[in-house]
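Quick notes on the structure that follows.
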Amino acid sequence: MMNRFFALVLLSGILLPSAIHSQNTSPAPAKGQEKFTNKPKLIRGPYLQVATDTSMVIRWRTDALSRSRVRYGYAVNNLDKTVDNISLSTEHEMKLTGLKPGTKYYYSIGTLKDTLQYGADNYFSTFPAKGKEGAYKIGVFGDCGYLSVNQANVRDQFIKYLGNNDLNAWILLGDNAYNDGNDMEYQAKFFTPYKDILLKKYPVFPSPGNHDYHDADFTANYAQKTHEVPYYQNFSMPVSGEAGGVPSGNPAFYSFDLGNIHFISLDSYGMEESKYFLWDTMGPQVQWLKKDLAANRNKGWVVAYWHYPPYSKGTHDSDEDGIMTGVRENLLRIFERYEVDLIICGHSHVYERSKMMTGHYGKSESFDAAKHNVSNSSGLYNGSTNSAPYIKESGAEKGMVYIVSGSSAYVGKSYPDWPHRAMYYSNDKDAGAGILEVNENRLDFKWICADGVIRDQFTMMKNVNKKTVIRSKKGEKITLTASFVVDAYKWDKTKETNRSIEVTPPVGKTKYIVKDVFNNLQDVFEVIVTK
């Protein structure tokens with residue numbers, strides 16, 4: 001019986017705790033130069049998981065039991081560091097630690113003797129130091145595991161938009177492999193389509209959807225309670241707080257930090273303790289959520305994502321669906337209270353986006369734009385009519401933007417009373433994926449469609465339109481810096497167009513004003529100079 005148990009452990013690919021760190025100054029062999037026989041074949045990956053500012057998890061699968069080795073370094077031809085695991089496995093999961101924040105590394109994967117993958121496209125970048133402001137890009141793919149022409153086109157146009165830029169990470173909004181979320185579907189519909197373009201370069205942070213809980217052997221309710229589905233075998237989650245946030249201890253929900261952005265991934269379909277759903281505010285998921293939000297409300301940006309949206313009239317109706325209604329009626333007040341900035345969901349195979357709004361917990365017909373929208377702007381910020389960015393102040397409950405982006409691979413038929421009244425922009429014709437671009441206190445979201453067209457976007461800014469009083473002495477040089485990030489600036493006195501200027505004001509009081517080119521933003525500096 002004992003021998004049978006260990007055989008099952010090995011066949012299931014469970015890694016035993018025997019990782020070995022060593023140094024090796026020899027680079028991995030170049031592709032095509034390996035001359036090994038009987039080596040295992042790479043059938044999945046590599047793919048990146050649980051990224052932090054000082055560590056990265058690399059996973060892959062082989063067709064036969066083997067030991068694991070990752071070589072890595074700062075240059076593709078000098079992989080001078082090595083991490084080994086001598087446990088035999090087909091599921092390889094290697095954690096690289098002691099890395100430098102915001103640093104690019106190249107890597108190879110293989111066995112102790114054989115290199116299975118190696119090359120200039122095998123690289124990753126660690127996250128920036130927690131809390132650090134910078135320019136970051138995060139991909140957003142909803143309901144993407146549906147093998148289709150749309151899936152391929154959306155993927156390719158997304159990569160085309162990136163150009164020579166890299167993602168810092170990408171998030172999944174659930175239903176990551178249709179129809180039942182079984183392992184073969186994950187292989188064919190998720191890992192294969194995204195393997196070389198996204199998975200081996202950019203860490204992915206998933207959330208589960210209802211199709212990830214389908215199980216041919218049991219009822220959906222059983223899978224919801226046990227979580228014994230491939231989703232939890234195929235992905236690694238930062239449940240111990242290693243990537244930032246409060247430890248959840250549960251792979252169904254977790255949080256992580258990317259620079260000055262705090263992300264929260266939730267499970268809107270599974271059950272905790274065999275009885276609590278996401279909308280049960282006394283359940284363990286929501287109790288953890290409150291703690292995490294309270295501990296991270298001072299972050300630059302807070303973004304939450306999960307599968308079932310609170311507002312939609314796409315392929316699912318939030319007025320009729322019990323889960324969507326429960327989330328809207330019971331959960332949104334919590335996010336408003338803790339000043340969350342953006343909520344992104346999938347499930348409905350359309351694209352929908354609200355203005356910045358608050359306080360609406362009823363059905364579509366009860367939405368009142370005058371009452372619930374805290375900004376009348378479109379948010380487009382492109383010089384068109386009524387297109388200023390959404391403005392928020394830290395420490396103030398001023399609403400959130402809601403996005404439904406469930407059409408990364410498939411677009412379905414919307415309900416007869418489409419669109420939802422809370423949504424400023426709705427599209428049930430085009431497939432697309434989103435990209436979140438954060439630059440310091442500016443956040444932009446763009447929806448990139450299967451034909452390459454960006455059909456919707458918005459901009460949100462925090463803590464701008466400042467009035468600052470500066471005191472200095474005669475002859476002292478002063479640097480003035482605008483509080484907002486834009487492409488060009490208009491300074492009233494100097495006529496300069498940079499974000500920062502250097503001035504030497506005369507004795508007395510001098511006022512400097514800087515605006516953006518659309519006259520939506522304005523900082524005022526009052527400089528008082530004494531003799």
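Every test in (1) touching a helix residue (DSSP H, G or I) at 6+ places or on another chain (Cβ under 7 Å); (2) without any contact (Cβ under 8 Å) to a residue 60 or more places away in the chain is passed by PRO416 save one, and that test is (1).
Within the stretch 163-214, which residues are among the charged types (D, E, K, R) and not in a helix (DSSP H, G or I)?
If we filter the stretch 163-214 for residues that are among the charged types (D, E, K, R), which is where we start, we get 166, 175, 180, 183, 185, 189, 195-196, 200-201, 212.
The answer is ASP166, ASP175, ASP180, LYS200, LYS201.
In the stretch 424-440, the residues that are without any contact (Cβ under 8 Å) to a residue 24 or more places away in the chain form no Cβ pair under 9 Å with any partner that is surrounded by 21 or more Cβ atoms within 10 Å (Cβ to Cβ) and aromatic (Phe, Trp, Tyr), whether six or more places apart or across chains. State whether the residues of the stretch 439-457 include one that is in contact with a Leu (Cβ under 8 Å, 6 or more places away or on another chain), farther than 21 Å from TYR402 by Cα and in a loop (DSSP other than H, G, I, E, B). No - not one qualifying residue is present in the stretch 439-457.
Can you list the helices (runs of 4 or more DSSP H) found entirely within the stretch 298-374 that contain at least 3 residues being in the same structural domain as ASN260 (by TED's automatic domain parsing) and among the acidic types (Asp, Glu)? Result: empty, no element qualifies. If only residues of the stretch 473-517 that are part of a loop (DSSP other than H, G, I, E, B) and of a type in the set (Ser, Thr, Tyr) are counted, the one that is modelled with the lowest pLDDT is THR494.
Any idea which residue in the stretch 135-162 is modelled with the lowest pLDDT, counting only those that are among the aliphatic types (A, V, I, L, M) and touching an Asp or Glu at 6+ places or on another chain (Cβ under 9 Å)? Steps first, please.
Narrowing the stretch 135-162 to residues among the aliphatic types (A, V, I, L, M): 135, 138, 140, 147, 149, 152, 154, 159, 162.
Subset that is touching an Asp or Glu at 6+ places or on another chain (Cβ under 9 Å): 135, 138, 147.
Numbers: ALA135: 98, ILE138: 98, LEU147: 94.
Filtering the stretch 135-162 for residues that are among the aliphatic types (A, V, I, L, M) and touching an Asp or Glu at 6+ places or on another chain (Cβ under 9 Å), the one modelled with the lowest pLDDT comes out as LEU147.
Those residues that are among the aliphatic types (A, V, I, L, M) and either loosely packed, with under 14 Cβ neighbours inside 10 Å or closer than 11 Å to LEU480 by Cβ (or both), I need them from the stretch 520-531; list them, please. Steps first, please.
Step one: filter the stretch 520-531 for residues among the aliphatic types (A, V, I, L, M), giving 521, 524, 527-529.
Scanning the stretch 520-531 gives VAL524, VAL527, ILE528.
None of VAL517, VAL486 is buried (at least 20 other Cβ atoms within 10 Å of the Cβ) and either assigned by TED's automatic domain parsing to the domain that holds GLY142 or under 30 Å from ASN165 (Cβ atoms) (or both) except VAL486. Filtered by the rule that a residue be in contact (Cβ under 8 Å) with a residue 60 or more places away in the chain and among the acidic types (Asp, Glu), the stretch 329-345 gives GLU336, ASP341.
Across the stretch 340-387, which residue is farthest from ILE264 (Cα to Cα) among those that are basic (Lys, Arg) and buried (at least 20 other Cβ atoms within 10 Å of the Cβ)? Give the steps one after another, and end with the answer.
Of the stretch 340-387, the ones basic (Lys, Arg) are 353, 355, 363, 371.
Keeping just the survivors that are buried (at least 20 other Cβ atoms within 10 Å of the Cβ) gives 353, 355.
On the way: ARG353: 19, LYS355: 21 Å.
Once the filter is applied, the top-ranked residue is LYS355.
Scanning the stretch 402-415 for residues that are buried (at least 23 other Cβ atoms within 10 Å of the Cβ) and touching a strand residue (DSSP E or B) at 6+ places or on another chain (Cβ under 7 Å), we see that the one that is farthest from LYS429 (Cα to Cα) is TYR402. Restricted to the stretch 441-453, and to residues there that are in contact with a helix residue (DSSP H, G or I) (Cβ under 9 Å, 6 or more places away or on another chain) and either in contact (Cβ under 8 Å) with a residue 40 or more places away in the chain or basic (Lys, Arg) (or both), the residue that is surrounded by the most Cβ atoms within 10 Å (Cβ to Cβ) is ILE448. Here is the figure for the stretch 79-122: residues that are within 19 Å of LYS200 (Cα to Cα), of a type in the set (S, T, N, Q) and either in contact with a Lys or Arg (Cβ under 7 Å, 6 or more places away or on another chain) or surrounded by fewer than 20 Cβ atoms within 10 Å (Cβ to Cβ) (or both) total 8.
The lone criterion from (1) closer than 20 Å to PRO101 by Cα; (2) crowded, with 20+ Cβ neighbours inside 10 Å left unmet by LYS132 is number (2).
The values are calculated or read from the model by the stated rules, or taken from the named source; none is laboratory data. Quick caveat: nothing in here was measured; it's all calculated off a predicted structure. Every residue, glycine as well, gets a Cβ built from its backbone with ideal geometry; the counts of neighbours run over all protein chains shown.
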